[in-house]
Amino acid sequence: MAQSAAAVLLLAFLFGLSRVPSRQKVTESLRSRFDFLRKQRPLVVLFALAACAVGIELALIGMITSFLMEFHAFTQVTSKLGLVAYLGGVAAGRVVLGFFTHKDQIILNLLVLFALTAVFMAVLLLTTPGTTVMYILLFISGGTISIIFPLIITLTGLKYPRYSGTALGILKLGIPVGGIVIPFLISVLAGAVSFQASLILFPLFALIGFALVYANRALLQIDAPQSGV
């Protein structure tokens, strides 16, 4: 016990003599990095794109069975098969489409996928195709929306290599924002007008995503100069 007490006393004495470097510089660095990212217009655009993509994907998952039963006379079983077809398209899209995407094609691919999502969502939700065609449309719609959010994550990491952790953390806030705001807007429009009228929001938000990418394609270029870096 005496030896242990002496060792602890010696360590305490050495600790008292030592000087711990101030953490003020680290704190300032983190704050300055966050302020830099907050002022970046490309990051704001990427955040909005993430919210659109995730909101469309999650909202459709939440309402697809009700939609199929109410407007296309699907049963409990066949409507769930429709959901499986959509989720299968999402899974297949994320596995297959990733192999055909290079970093210099990300912006072009985002434009194409948002446009295709708008088209197929409009056909899927605003027309009355047959049962077989409906399953095909569900699968294709899942495929077109599936890789948009992963592409946005990749683009953010490439756009902000020095601040990737903070940038991706801010970007991922788009997941709950899109997952809450878009279903909420659909619910409000369904209550104010009708459920069928609210379905227009799916292709509309896909078009908003397309417009955001197209209008900011120069800012989103990976090799674009970034002031303050």
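Coordinate-derived values only; no laboratory data. Treat the numbers as computed from the prediction; the structure is a model and nothing was measured. Neighbour counts run over all protein chains shown; Cβ positions are idealised from the backbone, glycine included.
Quick rundown of the values:
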| quantity | calculated |
| --- | --- |
| Residues located in the stretch 37-68, provided they are among the aromatic types (Phe, Trp, Tyr) and closer than 29 Å to residue 161 by Cα | 47 |
| Residues that are surrounded by fewer than 24 Cβ atoms within 10 Å (Cβ to Cβ) and in contact (Cβ under 8 Å) with a residue 24 or more places away in the chain, drawn from the stretch 44-53 | 45, 47, 48 |
| Checklist (1) buried (at least 16 other Cβ atoms within 10 Å of the Cβ); (2) more than 13 Å from the chain's Cα centre (by Cα) applied to residue 151, failing item | (2) |
| Qualifying residue in the stretch 82-98 (condition: surrounded by 16 or more Cβ atoms within 10 Å (Cβ to Cβ), aliphatic (A, V, I, L, M) and within 16 Å of the chain's Cα centre (by Cα)) | yes |
| Total residues in the stretch 76-101, condition within 20 Å of residue 137 (Cβ to Cβ), touching a residue at least 40 places away in the same chain (Cβ under 8 Å), out of contact with any Gly (no Cβ under 6 Å at 6 or more places or on another chain) and not hydrophobic (A, V, I, L, M, F, W, C) | 4 |
| Lone qualifier among 116, 137, 110, 124 - being in contact with a helix residue (DSSP H, G or I) (Cβ under 6 Å, 6 or more places away or on another chain), over 15 Å from residue 89 (Cβ atoms) and assigned to a helix (DSSP H, G or I) | 110 |
| Complete set of residues in the stretch 102-124 that are surrounded by fewer than 19 Cβ atoms within 10 Å (Cβ to Cβ), over 17 Å from residue 50 (Cβ atoms) and in contact (Cβ under 8 Å) with a residue 40 or more places away in the chain | 103, 104, 115, 119, 122 |
| Residue within the stretch 91-106 that is assigned to a helix (DSSP H, G or I), closer than 18 Å to residue 202 by Cβ and touching a Ser or Thr at 6+ places or on another chain (Cβ under 8 Å) present | yes |
| From 169, 191, 209, 165, residue being farther than 13 Å from residue 49 by Cβ, assigned to a helix (DSSP H, G or I), among the small types (Gly, Ala, Ser) and within 15 Å of the chain's Cα centre (by Cα) | 169 |
| Search result, residues across the stretch 122-150 that are β-branched (Val, Ile, Thr) and in contact with a Lys or Arg (Cβ under 6 Å, 6 or more places away or on another chain) | 147 |
| Unique match (being farther than 20 Å from residue 101 by Cα, surrounded by 14 or more Cβ atoms within 10 Å (Cβ to Cβ) and of a type outside the set (A, V, I, L, M, F, W, C)) among 165, 191, 179 | 179 |
